[in-house]
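Here's the structure we're looking at; comments come further down.
Nothing in this text is a laboratory measurement; each read-out follows from the coordinates by a stated rule. Predicted model, so just to flag it, every value in this text is computed and none were measured. Virtual Cβ from ideal backbone geometry, glycine too; neighbours counted across all protein chains shown.
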Amino acid sequence: MTQPFFITTPIYYINARPHIGHAYTTMVADAIARAHRLLGEDVFFLTGTDEHGQKVERAAQKAELPTPVFADQVAESFRQMCGDLNISNSDFIRTTEPRHHRAVQEIWRRVAAAGDIYKGDYEGWYCTVDEVFVPETQLVNGSCPTCGGKVERLKEESYYFRLSKYQQPLLDFYEANPEFLQPAFRFNEVRTFVAAGLQDLSISRTSFRWGIPVPDDPAHVMYVWFDALTNYLTALGFGSDDASAAARVERFWPTVTHLLGKEIVRQHAIYWPAFLMSAGLRPPQRIVAHGWWLMGGAKMSKSVGNVARYQDYVSVFGVDALRYFVMREMPLGLDANFSDEGILTRFNSDLANDLGNVVSRTMTMIHRYRAGVVPAPGEPGSLDSALQRQADGTIERVKRNFSTYQITVALQDTWELISAVNKYIVEREPWKLAKDTGQKVTLDSTLYHAADAVRIVAALIDPVMPEAADRIRRMLGGTQEAWSTLKSGTLAPGTTLGSVEPLFPRIEKTLEELRSMASDNVPPSSTPHTPPTAATPATGAEAPAAPTAAAPQPPAAPSTGAGRISIDDFMKVELRVAKVLEAEAVPKSKKLLKLKVDTGVDQRTIVAGIAEAYQPEQLVGRTIVVVANLQPAKLMGIESQGMVLAGSVEGGLPTLVGFDTPLAPGARVR
């Protein structure tokens with residue numbers, strides 16, 4: 001029997017329609033699900049909508065719609081998002097469904113039977129945005145410390161969950177399951193919070209009616225988080241009397257991975273395991289928390305209004321390009337900036353120049369020199385063998401990085417292989433070999449190994465860009481390949497290629513032109529201060545010649561003001577502790593060193609101008625500070641994914657920022 005794997009997104013709150021933040025989480029979960037299917041596993045992939053609570057009730061009133069009608073309309077927009085983004089979910093759960101009511105009430109009864117629910121009165125500050133009570137000591141200028149929204153003073157009769165009873169069981173569970181929450185620094189935050197002491201949790205409301213009634217006491221509706229978290233079990237069939245549903249819970253629940261944003265880690269890593277322990281059920285196997293998408297330096301938020309519509313970017317760049325950008329740009333656990341400049345640069349550089357060019361030139365040369373039929377290779381030479389070794393190594397690294405949810409790193413590995421194929425073609429110069437009849441065997445081998453490597457690239461990008469992968473396979477005359485058996489040298493000689501088509505034609509329009517076109521097509525309901533780039537991509541044939549460099553996009557102009565910045569401005573810069581794993585000189589540069597660093601959430605390459613002050617061997621093992629949310633930049637042909645902090649006097653050598661006591665990689669510097 002195949003290995004089961006259960007992956008979930010959070011269920012999305014329906015007080016407004018989906019934006020790029022919801023799209024990101026769903027696309028990442030989809031890529032993980034697709035990767036596990038390629039590994040031969042039996043995958044159950046769940047997404048859906050969270051539809052109860054006072055915030056939804058108020059949003060419906062504002063829209064002048066009955067709450068059930070409002071819920072149906074907004075939930076449908078999230079279901080539509082799944083179709084728009086080529087999401088391969090197994091189920092879509094809504095918390096207003098009867099099956100969910102049954103499951104939640106069953107959890108409540110089990111927790112009550114364990115003696116962990118009691119009735120009392122509650123008075124406190126309540127945030128209707130996050131649906132949580134906030135201790136007065138945690139308020140920031142009278143507002144919620146998480147979302148910045150207003151809080152209300154509420155007093156009402158309430159049922160309580162004995163969360164305090166589960167402080168030590170949770171700490172014991174964390175100790176026994178060190179991989180429970182990723183990234184590690186988030187896990188440390190949760191452990192610290194729990195160790196400081198837990199208070200019992202209010203889990204019912206009487207001040208509104210839009211929720212699931214408490215069993216045997218319909219004057220109360222359940223706290224939205226007690227309700228919503230149970231969805232992960234509902235979709236498997238929990239609460240049903242059907243034997244097959246019980247078997248599905250037994251099969252998939254022990255393998256569950258919850259993918260979610262960092263703002264709801266506490267509910268998933270503290271409340272949810274405690275509810276499950278009380279109900280006699282096992283906690284989730286793993287929680288993976290990603291960062292926030294920032295726009296203009298601030299977190300994207302429906303309530304603030306600084307959101308990007310995924311539809312606008314799909315209309316310009318296509319679904320696969322959007323999927324690639326968000327997964328390449330945001331390393332696990334860190335925040336990232338969503339910008340028009342960033343996605344246009346990635347499209348023209350990574351997709352058009354690198355991937356599109358190597359596919360086009362390889363396919364075109366086989367059509368031109370071998371009538372569209374893959375030739376048989378001769379005995380591999382040193383270049384052929386080196387390319388095969390890199391391809392096989394890349395396969396293993398990509399599989400390993402997907403298993404640890406490091407999709408950004410997996411894509412970096414794949415693009416290194418794409419670069420190697422381009423370099424292989426340039427070094428072999430098949431266009432010259434074709435003119436020399438004595439080089440027939442070498443030309444055949446060159447065309448074969450280039451096509452074989454492109455086949456592997458198609459398989460490795462499949463989870464992130466399934467449509468592009470399928471188009472490459474059609475050009476290659478092949479079918480989808482499982483990762484479990486993927487290896488170099490297995491392309492069948494004699495395969496007839498399909499017709500060559502441009503994969504990602506360059507977009508030659510400027511950002512100003514794209515934005516101008518977008519402004520003519522923005523529907524009246526769009527958020528006015530989001531500058532979507534809606535336009536039609538330029539089309540044209542890709543030449544099989546040597547790759548051309550993408551036109552670099554100018555960086556954002558620095559502020560020219562001489563005044564002081566606010567703390568909010570400073571907090572936009574994400575400074576993290578990192579450990580240097582490797583260091584080497586950059587060829588032909590006197591000032592640059594290439595560093596491989598561990599940031600606590602990933603391993604990345606950073607190019608630093610410190611070679612005049614430090615030898616590479618001095619740096620390995622050293623703790624440094626890096627800017628972790630900087631846009632990648634190429635220096636001397638090397639992509640640098642951050643900046644190392646150092647100080648210097650005018651004209652002097654740089655000195656690295658350090659610590660009296662080394663901190664763990666990933667720690668935040670403030």
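At 27 angstrom or more along the helix axis (alpha-carbon based) and mean Kyte-Doolittle of 0.0 or higher, what helices does the chain contain? Whole DSSP H runs only. Could you put the intermediate results ahead of the total?
Numbers: long enough: 382-403 (32 Å, -0.87); 407-428 (32 Å, 0.32); 440-461 (32 Å, 0.90).
Going by DSSP H runs, the hits are 407-428, 440-461.
May I ask you to derive the FRET efficiency for SER385 and LYS590 from their Cβ-Cβ distance with R0 = 25 Å, giving the value to the nearest 0.05? Mind dumping the intermediate values first?
On the way: r = 35 Å, r/R0 = 1.39.
Between SER385 and LYS590 the formula returns 0.10.
In the chain, what % of DSSP beta bridges are antiparallel (nearest 5)? Before the final figure, lay out the partial values.
Details: 51 of 74 bridges.
Taking every DSSP beta bridge within the chain, about 70 percent pair in antiparallel fashion.
Among VAL620, MET636, LEU592, pick out the residue whose Cα is farthest towards the positive end of the charge dipole of segment 573-669, where Lys and Arg carry +1 and Asp and Glu carry -1 on C-beta, about the Cα centre.
In segment 573-669, that residue is MET636.
Charges at C-beta only: +1 for Lys and Arg, -1 for Asp and Glu. How large is the resulting dipole of segment 259-384 about its Cα centre, in Debye rounded to 20?
Values: 13 positive and 11 negative charges, 92 e Å.
With Lys and Arg at +1 and Asp and Glu at -1, about 440 debye.
Within segment 4-290, what percent of beta bridges assigned by DSSP are antiparallel, to the nearest 5?
Values: 22 of 43 bridges.
If we restrict to bridges inside segment 4-290, about 50 percent are antiparallel.
Where does segment 573-669 land on Rg/Rh, using Cα atoms and the Kirkwood Rh? If you can, show how the numbers build up before the last one.
Working: Rg = 12.4 Å, Rh = 13.3 Å.
Result for segment 573-669 is an Rg/Rh of 0.93.
Tell me which residues come under 5 Å, amide H to amide H, from ASP50 once H is placed; ignore anything under 5 positions away on its chain.
HN-HN under 5 Å from ASP50: TYR12, TYR13, ILE14.
Could you give me the ³J(HN,Hα) list for segment 266-277, computed from phi with Karplus coefficients 6.51, -1.76, 1.60 and θ = phi - 60°, whole Hz, x at Gly and Pro?
4, 4, 7, 9, 10, 4, 4, x, 5, 4, 5, 4
Students often check this: by mean Cβ neighbours within 10 Å, which of 611-622, 281-292, 149-160 ranks highest, and how do the rest follow? Write out the running numbers ahead of the final one.
Values: 611-622: 14.4, 281-292: 20.2, 149-160: 16.0.
Per-residue mean Cβ counts within 10 Å order the peptides as 281-292, 149-160, 611-622.
Regarding the chain, what's the average projected area of the Cα-atom convex hull, expressed in nm²?
Reported value for the Cα convex hull: 33.1 nm².
Can you order the peptides 598-604, 478-484 by their average number of other Cβ atoms within 10 Å per residue, highest first? Walk me through the numbers on the way to the answer.
Details: 598-604: 22.1, 478-484: 14.1.
Packing order, densest peptide first, comes out as 598-604, 478-484.
Placing one identical point scatterer on every Cα of segment 4-290 and ignoring solvent, what is log10 I(q)/I(0) from the Debye formula at q = 0.07, 0.09 Å⁻¹?
Log10 of I(q)/I(0), two decimals: -0.24, -0.41.
Where the only charges are on Cβ atoms (+1 Lys, Arg; -1 Asp, Glu), what is the dipole of the chain about its Cα centre, to the nearest 20 debye?
Numbers: 68 positive and 75 negative charges, 169 e Å.
The calculated dipole for the chain is roughly 820 debye.
Once phi is turned into ³J(HN,Hα) by the Karplus curve 6.51 cos²θ - 1.76 cosθ + 1.60 with θ = phi - 60°, what whole-Hz value does each residue of segment 492-505 show in order, with x for glycine and proline?
6, x, x, 5, 8, 6, x, 6, 7, 9, x, 7, 9, x
Take each of the peptides 341-349, 241-249, average the number of other beta-carbon atoms within 10 Å over its residues, and list them starting from the highest.
Numbers: 341-349: 20.2, 241-249: 12.7.
By packing density, highest mean first, the sequence is 341-349, 241-249.
Stretched out fully, how many nm does the piece from ASP42 to SER648 gain, at 0.36 nm a residue minus the Cα gap?
On the way: separation 606, 0.36 × 606 = 218.16 nm, distance 5.58 nm.
Gain on stretching ASP42 to SER648: 212.6 nm.
SER143's amide H: which non-local residues (gap 5+, or another chain) put their own amide H closer than 5 Å, with H modeled 1.01 Å from N in plane and none for Pro or chain starts?
Residues meeting the criterion, in which the H sits 1.01 Å from N, do not exist here.
5 Å is the cut-off here: which amide hydrogens, built 1.01 Å from N in the peptide plane, fall below it relative to SER202, excluding neighbours closer than 5 in sequence?
Placed amide hydrogens put PHE161 under 5 Å from SER202.
How big is the shadow of the Cα convex hull of segment 75-206, averaged over all directions, in nm²? Please list the in-between numbers first.
Details: hull surface 45.2 nm².
About 11.3 nm², averaged over all directions.
Can you compute 3J(HN,Hα) from phi for each residue in segment 634-644, using the Karplus curve 6.51 cos²θ - 1.76 cosθ + 1.60 with θ = phi - 60°, rounded to whole Hz and x for Gly and Pro?
Rounded to whole hertz, the list is 9, 10, 6, x, 10, 6, 9, 10, x, 9, 8.
Based on DSSP H runs of at least 4 residues, each adding -39500 (n - 2.57), what is the mean residue ellipticity at 222 nm of the chain after dividing by all its residues, to the nearest 500 deg cm²/dmol? Working shown, then result.
Numbers: 22 runs with 250 residues, N = 670.
Taken over the chain, the calculation gives -11500 deg cm²/dmol.
Suppose a student asked you for the relative contact order of the chain, using Cα pairs under 8 Å spaced at least 6 residues apart; what percent would you report? Could you put the intermediate results ahead of the total?
Working: 1196 pairs, mean separation 80.6, N = 670.
Relative contact order of the chain: 12 percent.
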